[in-house]
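Working notes, structure below.
The values are calculated or read from the model by the stated rules, or taken from the named source; none is laboratory data. Being a predicted model, the structure only gives us computed values, none of them experimental. For neighbour counting, all protein chains shown are included, and Cβ atoms are generated from backbone atoms with ideal geometry for every residue, glycine included.
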Amino acid sequence: MKFLIDRNELILSISTVEKFVPSKSTVSILSGIKFFACNNSLYLSATDLDMGIEYKIENTPEKLSVIEEGNIVIGSKILSEIVRRIPQGMVEFTRKENQVHISSGEFNMVLPCFNADDFPEISKMELFKTIRLKQRMFKDMIKQTVFARADDTTSRPQLTGILIDYKENVFNMVALDGFRIAWRYEELEEEESSDTGDFKIIVPGNTLLEITRIFSDDDETYFKLYAGKNRVEFVTENILISSRVLDGNFIDYKKVMEVEPKTTISISTEDLHSAVDRANILAREGNKNNLVKFNIEDNFIEVQTETELGSISDKVLCNIEGEELVIAFNARFFIDALRTISSPQIKMNFSGDMGPCIITPLETDNHKNFILPVKLRGDSI
């Protein structure tokens, strides 16, 4: 195998795939990046067996020249650090038996390599569902839900992932941890919709976080999602990301959201976020639940917290319909939800002092946050 590649293109491709290299593994070949040169293209691959990536570079005079086809696996850590220090220009890779020779100008390096035949396949799907989506929209949906997933200490591993639920031309994304739910949906255009029917899968949160790092912010750049029984793939023009899916089920999130409100308020997103954020400075230091109390009356929501370190009371103007209310929440849950809402105004529905709060942007209902309250003891925070 032999090829020439532009140093900047090499850095970009390695920095994209190296995040999929496991930091620790008992399988030594997984510490490397696979280089596969064929059909005038170069493919870089990495995997931790749960998720993997394949990055394609096409043969162009300014980026890549494939001289001899072949494949090789090179240790990621040293390679990544070295290429960032190589001068501008073309870098030559040549495989000689169990070594790879890398040169650029007067720079020469020899590294050991692995047998690429032992490297796991990235794409090994039995795919049966396909849907076409905008990359920017998908990234936004992830960011508006992923924070609500459970951490790795949960006894229900499926809750560390995000539910992707496609049904009747509506694309839903849902995350929950038992205390809160984040739900975002989009009604798709006909050319985006699946021609293979409805599907429902749970994708690991870490996989989707990597996608937010890689996908484009261009509103008109698309990708294809391929869903299978055990794996899912996300495919752009030059990148393929493959991931396992999680076993298990989610609660009926739509039914849970059907709450009859006793109190409804509309309020500035920024003003409420700022008030809760200020109160949380005390709440996070003084009690383990990050507890803040909302006193809702007289067209104000008063955000309160009191700990051994001090107390805060902060009034925010709002419009109230229904009953006055005193209720407490984990401040961090509110901050997480509010920072994902771009709308200047939100609507909050409360079903009583022990019922959930459901937050939606004022002008749309395709983004919902469900947060359970914390029980108050007497007059205490």
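Per-structure values
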{"read-out": "Segments classed as strands (runs of 3 or more DSSP E), wholly inside segment 48-139, with at least 3 members that are touching a residue at least 12 places away in the same chain (Cβ under 8 Å), within 30 Å of L188 (Cβ to Cβ) and touching a Phe, Trp or Tyr at 6+ places or on another chain (Cβ under 8 Å)", "value": "51-58, 127-134"}
{"read-out": "Hits in segment 227-257 (condition: farther than 20 Å from I164 by Cα and among the acidic types (D, E))", "value": "E237"}
{"read-out": "From E186, E192, E168, E210, residue being touching a residue at least 24 places away in the same chain (Cβ under 8 Å) and under 15 Å from the mean Cα position of the chain (by Cα)", "value": "E210"}
{"read-out": "Hits in segment 281-298 (condition: polar (S, T, N, Q) and at pLDDT 95 or above)", "value": "N295"}
{"read-out": "Which listed residue is crowded, with 16+ Cβ neighbours inside 10 Å, modelled with pLDDT of 95 or more and farther than 20 Å from E233 by Cα, from L30, L10", "value": "L10"}
{"read-out": "Number of positions in segment 59-95 that are touching a His at 6+ places or on another chain (Cβ under 9 Å) and closer than 15 Å to L44 by Cα", "value": "1"}
{"read-out": "Total residues in segment 288-313, condition touching a residue at least 60 places away in the same chain (Cβ under 8 Å) and buried (at least 17 other Cβ atoms within 10 Å of the Cβ)", "value": "6"}
{"read-out": "Some residue of segment 133-142 being of a type in the set (S, T, N, Q), under 30 Å from P22 (Cβ atoms) and touching a Lys or Arg at 6+ places or on another chain (Cβ under 8 Å)", "value": "no"}
{"read-out": "Test: N249 is within 30 Å of I131 (Cα to Cα), surrounded by fewer than 16 Cβ atoms within 10 Å (Cβ to Cβ) and at pLDDT 95 or above", "value": "no"}
{"read-out": "N366 within 13 Å of I265 (Cβ to Cβ), touching a residue at least 60 places away in the same chain (Cβ under 8 Å), in contact with a strand residue (DSSP E or B) (Cβ under 9 Å, 6 or more places away or on another chain) and polar (S, T, N, Q)", "value": "no"}
